[in-house]
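Encoded as structure tokens, the structure appears first; notes follow it.
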Amino acid sequence: MANQQLALDAVFHALADPTRRAVVQRLGRGDATVSELADPFDMALPSFMKHITVLERSRLIVSRKSGRVRTCSLDRENFGAAERWFDEQRALWHSRYTNLDGLLAKLSGADDAG
């Protein structure tokens, strides 16, 4: 469980940055080289590589090097941890709202009887 929490923390940390979210969104359309990914951003390549490193450490992307070219792709498996967390939160809050609706209906009925 602790490892799952650490993985989830890494995913949310990685996705907290707009540059990294844009990289993930771009990779959703297919693999891309680091140069292609860096092109839209006004930053030096070493600075951009720090974003790639964070995404790799969170296991949201993988990269492979062929000669001097590094190509990145999504590692979709780790997105499942975040998706499961959101599903759990959605179910929890749905249950709470259902309970609140029931309580409000009960209280409303009690007021009508009095």
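The values are calculated or read from the model by the stated rules, or taken from the named source; none is laboratory data. Here the structure is a predicted model, which means the values were calculated and not measured. Glycine gets a Cβ as well: all are built from the backbone with ideal geometry, and neighbour counts include every protein chain shown.
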* Asked: For the range 66-114, which residues satisfy the criterion of being out of contact with any Asp or Glu (no Cβ under 9 Å at 6 or more places or on another chain), aliphatic (A, V, I, L, M) and outside any helix (DSSP H, G or I)?
  -> Val69
* Asked: Regarding Gln25, is this residue assigned to a helix (DSSP H, G or I) and either among the β-branched types (Val, Ile, Thr) or under 15 Å from Gly80 (Cα atoms) (or both)?
  -> no
* To do: Scan the range 26-43 and report the pairs whose first residue is within 21 Å of Gly67 (Cβ to Cβ) and whose second residue is of a type in the set (Lys, Arg), with Cβ atoms within less than 7 Å and a gap of 6+ or a chain change.
  => Ala32/Arg26; Thr33/Arg70; Val34/Arg70; Leu37/Arg26
* So which of Ala38, Ala32, Ala10 is modelled with pLDDT under 95 and buried (at least 16 other Cβ atoms within 10 Å of the Cβ)? -> Ala10
* Structure fact -> Output for Cβ contacts, cut-off 7 Å, separation at least six or different chains, first residue over 20 Å from Gln5 (Cα atoms) in the range 88-107, second outside any helix (DSSP H, G or I) and of a type in the set (Ser, Thr, Tyr), reads none
* Does Glu77 satisfy the condition of being surrounded by 11 or more Cβ atoms within 10 Å (Cβ to Cβ) and either out of contact with any strand residue (DSSP E or B) (no Cβ under 6 Å at 6 or more places or on another chain) or without any contact (Cβ under 8 Å) to a residue 24 or more places away in the chain (or both)? -> no
* **Out of Ser47, Ser63, sole residue that is closer than 22 Å to His13 by Cα and outside any helix (DSSP H, G or I)** => Ser63
